[in-house]
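The values are calculated or read from the model by the stated rules, or taken from the named source; none is laboratory data. Just so it is clear, the model here is predicted, and its values are computed rather than measured. Cβ placement follows ideal geometry from the backbone for every residue including glycine, while neighbour counts extend to all protein chains displayed.
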Amino acid sequence: MLSPLIQKLEGRFALSDSDRTALRSASCHGRRVAPRTDLVWEGDLPDHVQMIRSGFACRYKVLAAGTRSIVAYVIPGDICDLNVALLGAVDHSIGTIGACDVVSIPRQVLDDLTGNHPTLNRALRWASLVDEAIQREWIVNLGRHPAERKVAHLLCEFLCRLQAVGLAGRDNYELPLRQSDLGDATGMSSVHVNRTLQKLRGSGLVRLKGKYVSFPDVEALQAFAQFDPSYLHRSPGGVDDAPLRRR
């Protein structure tokens with residue numbers, strides 16, 4: 001079974017056997033982390049990067065009033081803050097949402113991976129740039145869209161990202177989030193999130209059953225959410241191992 005990280009990268013890049021072996025070696029020693037546990041605290045000076053092998057985590061900031069604002073979700077196959085060593089102290093915290101399998105990769109190991117495996121270097125740079133693209137899309141979604149569209153857009157994004165690591169079907173996936181987690185990411189109260197989900201369900205766009213969410217008509221949901229997956233930069237052909245071009 002492919003690891004989520006390898007599966008995600010191979011959706012865009014043709015990794016060699018050597019690349020896969022190096023990634024497996026770097027990410028083979030994980031640990032089980034309980035729900036609602038901090039992995040990194042704001043102000044830390046980390047000498048490892050965290051890779052989520054299973055479960056959901058998030059990047060977040062704590063406001064002066066003590067409330068939490070989620071600024072990104074971290075799903076299986078994601079490496080948290082690949083270039084954090086260049087910045088020094090971390091400017092946000094990272095915590096698990098549910099139970100997670102987490103791999104801590106030492107900076108030296110990561111430097112060896114990128115220095116000795118050119119395709120992996122490009123692939124990991126691509127993954128970091130996609131994280132930045134997601135942040136830009138969040139700014140637009142949260143700043144310009146009404147509540148129903150905000151949540152619908154986020155659900156569409158989860159579908160695409162989870163499909164890329166083999167954790168979603170064509171129109172469904174498991175979403176281990178509380179309504180308060182969705183609220184902390186969208187700037188809404190839990191009550192407002194609940195009402196918004198009920199409206200989406202009442203309109204026939206979303207079906208909810210426990211932790212599982214499905215979509216009777218994915219295209220209709222995407223149209224309603226004004227969701228364009230191009231910001232996730234998945235290659236239509238599935239493989240892109242050409243060198244990055246200078247402009």
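When the residues of region 138-164 are narrowed to those that are charged (D, E, K, R), farther than 27 Å from S3 by Cα and modelled with pLDDT of 95 or more, which ends up surrounded by the most Cβ atoms within 10 Å (Cβ to Cβ)?
Here the residue is K150.
Taking helices (runs of 4 or more DSSP H) that do not extend beyond region 79-172, which have at least 3 residues that are outside the structural domain of V191 (by TED's automatic domain parsing) and polar (S, T, N, Q)?
Those helices (runs of 4 or more DSSP H) span 107-116, 118-144.
Looking at N194, is it under 18 Å from the mean Cα position of the chain (by Cα), surrounded by fewer than 20 Cβ atoms within 10 Å (Cβ to Cβ), over 26 Å from W126 (Cα atoms) and at pLDDT 95 or above?
Taking the combined requirement at face value, the residue does not satisfy it.
Of all residues in region 207-226 being surrounded by 20 or more Cβ atoms within 10 Å (Cβ to Cβ) and touching a Lys or Arg at 6+ places or on another chain (Cβ under 9 Å), which is nearest to H153 (Cα to Cα)?
The extreme case among them is A225.
Any idea which residue in region 33-62 is nearest to L177 (Cα to Cα), counting only those that are modelled with pLDDT of 95 or more and exposed (fewer than 12 other Cβ atoms within 10 Å of the Cβ)?
Applying the filter and picking the extreme gives R36.
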